[in-house]
Ligand code: SF4
Ligand code: SF4
């Protein structure tokens with residue numbers, strides 16, 4: 001998924017269980033047990049211009065069924081809230097150590113540290129940490145609360161032809177919530193879009209489509225081996241869902257994050273463009289350069305570094321866009 005998202009919350013993890021990094025599998029994943037009226041929200045980003053037409057509000061839901069090695073929102077991979085640490089902001093006051101009910105926080109001469117195996121992401125330490133050295137990614141929000149946030153910018157949506165986009169993570173995993181909130185936005189006259197990576201049973205997407213004006217669909221590779229190595233599944237479910245989606249009459253945009261050495265070759269983009277060229281109702285195809293933003297976030301979550309990925313240069317991107325244009329009329333960079 002494309003834009004930055006950083007969540008701040010202190011609530012208990014009551015609405016969802018973690019899918020886990022690397023949760024992606026050949027068989028579509030089990031449903032995230034999201035309560036109908038709540039979903040784990042990572043961030044609500046106002047005045048977004050990259051997630052559909054016009055000025056939009058992008059709502060990032062937490063939890064994903066893929067496991068892209070280069071994910072630039074790694075805090076969105078798991079559905080449950082997660083503690084994030086920023087050591088350079090820590091003044092070693094020890095307040096987090098005092099309040100932690102699990103004894104997970106430690107303050108030693110070398111600095112503060114947390115035992116993530118013991119931490120239950122209750123958020124008590126975040127409430128006490130006034131320097132911002134500790135934050136919580138993800139908080140449960142109701143349909144009504146999300147609607148209130150989205151509704152603030154109605155006037156901008158109207159003037160710009162914008163609306164709301166639900167992104168992630170994978171918003172379709174939270175399908176009862178998603179259907180409710182999309183329906184309510186539509187009833188309020190707000191243009192609706194979802195940004196999805198497609199790895200789930202078709203019925204889950206079909207439920208959302210009743211209330212969606214535009215689907216932004218990610219295709220990262222059509223090579224099963226590449227897909228398995230870098231994304232955690234062979235992509236067959238994703239491709240089948242995309243083909244079926246194209247027959248539903250909803251407007252569609254397909255997007256490819258271009259990541260070296262995953263898919264930054266003419267052969268890789270040519271194969272994706274050929275697949276996309278078969279689709280009806282396509283508004284545009286877009287290449288999006290990889291951004292190493294996720295690395296700092298991985299560190300804040302206690303995740304290991306991912307050093308294999310890098311960004312293609314501008315010349316390569318232009319060349320790959322020309323390759324896609326051999327098959328598609330509307331290619332964006
Ligand atoms: S409360 Fe914040 S600033 Fe104080 S020791 Fe803990 S992390 Fe550092
Ligand atoms: S979020 Fe984790 S480290 Fe912080 S108080 Fe709760 S259990 Fe302790």
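The values are calculated or read from the model by the stated rules, or taken from the named source; none is laboratory data. This one's a predicted model, so the numbers in the text were calculated from it and none came from an experiment. Reconstructed Cβ throughout: ideal geometry from the backbone, glycine too, with neighbour counts over all protein chains shown.
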- Task: Taking residue 274 as the residue in question, decide whether it is assigned to a helix (DSSP H, G or I), at pLDDT 95 or above and assigned by TED's automatic domain parsing to the domain that holds residue 71.
- Result: yes
- Query: Among the listed residues 129, 125, 119, which satisfies the condition of being without any contact (Cβ under 8 Å) to a residue 60 or more places away in the chain, under 16 Å from residue 99 (Cα atoms) and surrounded by fewer than 21 Cβ atoms within 10 Å (Cβ to Cβ)?
  - Reply: 119
- With 75, 108 as the choices, which residue is more than 14 Å from ligand 2 (Cβ to nearest atom) and surrounded by fewer than 18 Cβ atoms within 10 Å (Cβ to Cβ)? 108
- Are any residues in region 187-211 under 19 Å from residue 48 (Cβ atoms), in contact (Cβ under 8 Å) with a residue 40 or more places away in the chain and within 19 Å of the chain's Cα centre (by Cα), and if so, which ones? 193, 195, 197
- In region 244-268, which residues are touching a strand residue (DSSP E or B) at 6+ places or on another chain (Cβ under 7 Å) and assigned to a helix (DSSP H, G or I)? 245
- The lone condition residue 108 fails out of (1) within 16 Å of ligand 1 (Cβ to nearest atom); (2) in contact (Cβ under 8 Å) with a residue 40 or more places away in the chain is (2)
- Query: So which residues in region 190-225 are assigned to a loop (DSSP other than H, G, I, E, B) and in contact with a strand residue (DSSP E or B) (Cβ under 9 Å, 6 or more places away or on another chain)?
  - Reply: 190, 197, 198, 211, 212, 213, 219, 220, 221
- Please go through region 122-140 and pick out each residue that is part of a strand (DSSP E or B) and either modelled with pLDDT under 95 or more than 7 Å from ligand 1 (Cβ to nearest atom) (or both). 135, 136, 137, 139, 140
- Task: Mind listing just one residue for me: the one in region 295-309 that is touching a helix residue (DSSP H, G or I) at 6+ places or on another chain (Cβ under 8 Å) and under 15 Å from residue 230 (Cα atoms) and, of those, surrounded by the fewest Cβ atoms within 10 Å (Cβ to Cβ)?
- Result: 305
- Message: Just to be sure before I move on: is residue 229 touching a residue at least 24 places away in the same chain (Cβ under 8 Å), surrounded by fewer than 22 Cβ atoms within 10 Å (Cβ to Cβ) and more than 22 Å from residue 284 (Cα to Cα) in the structure I sent?
- Response: no
- Task: Given the conditions (1) in contact with a helix residue (DSSP H, G or I) (Cβ under 8 Å, 6 or more places away or on another chain); (2) surrounded by 15 or more Cβ atoms within 10 Å (Cβ to Cβ); (3) within 20 Å of residue 328 (Cβ to Cβ), report the number of the one that residue 163 does not fulfil.
- Result: (3)
- If you go through region 144-157 one residue at a time, do you hit one that is assigned to a strand (DSSP E or B) and either within 14 Å of ligand 1 (Cβ to nearest atom) or under 23 Å from residue 204 (Cα atoms) (or both)? no
- Note on the structure: Taking region 168-190 and keeping residues surrounded by fewer than 22 Cβ atoms within 10 Å (Cβ to Cβ) and closer than 27 Å to residue 137 by Cα leaves 176, 179, 180, 183, 184
- Quick one: count up the residues across region 100-121 that are within 19 Å of residue 301 (Cα to Cα), outside any strand (DSSP E or B) and touching a helix residue (DSSP H, G or I) at 6+ places or on another chain (Cβ under 7 Å). 1
- Item | Residue identified as buried (at least 21 other Cβ atoms within 10 Å of the Cβ) and at pLDDT below 95 among 7, 22 | 7
- Note on the structure: Among 283, 234, the single one that is modelled with pLDDT of 95 or more and either buried (at least 18 other Cβ atoms within 10 Å of the Cβ) or in a loop (DSSP other than H, G, I, E, B) (or both) is 234
- Note on region 78-91: residues over 30 Å from residue 167 (Cα atoms) and surrounded by 14 or more Cβ atoms within 10 Å (Cβ to Cβ) are 90
- From the list 58, 135, pick out the single residue that is within 12 Å of ligand 2 (Cβ to nearest atom) and within 18 Å of residue 293 (Cβ to Cβ). 135
